[in-house]
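Engineer: Got a structure for you, questions after.
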Amino acid sequence: MIHITVEKQGENYRRIVSEGHALYDEEGSDIVCAGVSALLINAVNSLDQLTGDGIVVDEGGAQGGFLSVSLEFPQSEGARLLLDSLMLGLHSISENYGEAFLTIDERFCASEETE
């Protein structure tokens with residue numbers, strides 16, 4: 001299963017982490033994995049090329065299936081829109097294919113501290 005953790009503070013995204021493999025189908029035919037990967041990679045590339053917001057990306061892991069995106073705080077309106085769109089797509093996949101393949105854990109930070 002792919003597990004995505006999203007950390008937000010108010011309207012701002014602090015970090016998004018994706019771990020695991022969907023295992024919906026065999027490797028190369030797994031449409032859940034392909035959909036999630038396409039959404040995440042497009043969001044990272046869009047943030048990098050279309051906004052002036054800073055991001056730090058870590059990917060890979062021993063078995064693959066790992067992506068962490070740490071975000072500059074606070075984000076521009078454009079970055080928040082891109083990330084809201086990412087979340088819309090991820091929730092749609094989870095609703096259509098089930099939490100057996102994709103879970104999303106959204107965590108909201110109460111403090112207004114910046115890093």
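Nothing in this text is a laboratory measurement; each read-out follows from the coordinates by a stated rule. All values derive from a computational prediction rather than experimental measurement. Note that we place each Cβ from the backbone using ideal geometry, even for glycine, and neighbour counts take in every protein chain shown.
Engineer: Note down the relative contact order for the chain as a percent, whole number, built from C-alpha pairs under 8 angstrom at least six residues apart.
Structural biologist: Reported relative contact order: 39 percent.
Engineer: Under a plain spin-label model, where a point goes 7 Å from the Cα along Cα-to-Cβ, how far apart in nm are Phe73 and Val57?
Structural biologist: 2.3 nm
Engineer: Continuing with this model, one more query. Taking the convex hull of the Cα atoms, report for region 11-115 its projected area averaged over all directions, in nm².
Structural biologist: The Cα convex hull of region 11-115, projected and averaged over all directions, gives 7.1 nm².
Engineer: Restricting attention to region 1-86, which GluC sites (Glu not before Pro) occupy a DSSP loop and are surrounded by at most 15 other Cβ atoms within 10 Å?
Structural biologist: Numbers: sites: Glu7, Glu11, Glu19, Glu26, Glu27, Glu59, Glu72, Glu77; in loops: Glu11, Glu26, Glu27, Glu72.
Those satisfying the criteria are Glu11, Glu26, Glu27.
Engineer: Mind sorting Met1, Met87 by how few other Cβ atoms lie within 10 Å of their own Cβ, fewest first? Don't skip to the answer; put the middle values down first.
Structural biologist: Details: Met1 15, Met87 19.
Taking fewest neighbouring Cβ atoms as first place, the list is Met1, Met87.
Engineer: Now, a different point. Angle, helix 31-50 long axis vs. longest principal axis of the chain, Cα atoms, 0 to 90°, nearest 10?
Structural biologist: Value to nearest ten degrees: 20.
Engineer: Shifting gears a bit: Which of Asp53, Asp48 comes first, and how do the rest follow, when ranked by fewest Cβ neighbours within 10 Å? If you can, show how the numbers build up before the last one.
Structural biologist: Values: Asp53 19, Asp48 12.
Ascending Cβ contact count within 10 Å gives the list Asp48, Asp53.
Engineer: Still on this structure, I have one more. Got a sec? How would Thr103, Thr51 order by Cβ neighbour count within 10 Å, fewest to most? Could you put the intermediate results ahead of the total?
Structural biologist: Values: Thr103 14, Thr51 18.
The order, fewest Cβ neighbours first, is Thr103, Thr51.
Engineer: What does the helix-only formula give at 222 nm for the chain: each DSSP H stretch with n ≥ 4 adding -39500 (n - 2.57), the total divided by the residues, and the result rounded to the nearest 500 deg cm²/dmol? Spell out each step's value before the answer.
Structural biologist: Details: 2 runs with 41 residues, N = 115.
Mean residue ellipticity, 222 nm, calculated: -12500 deg cm²/dmol.
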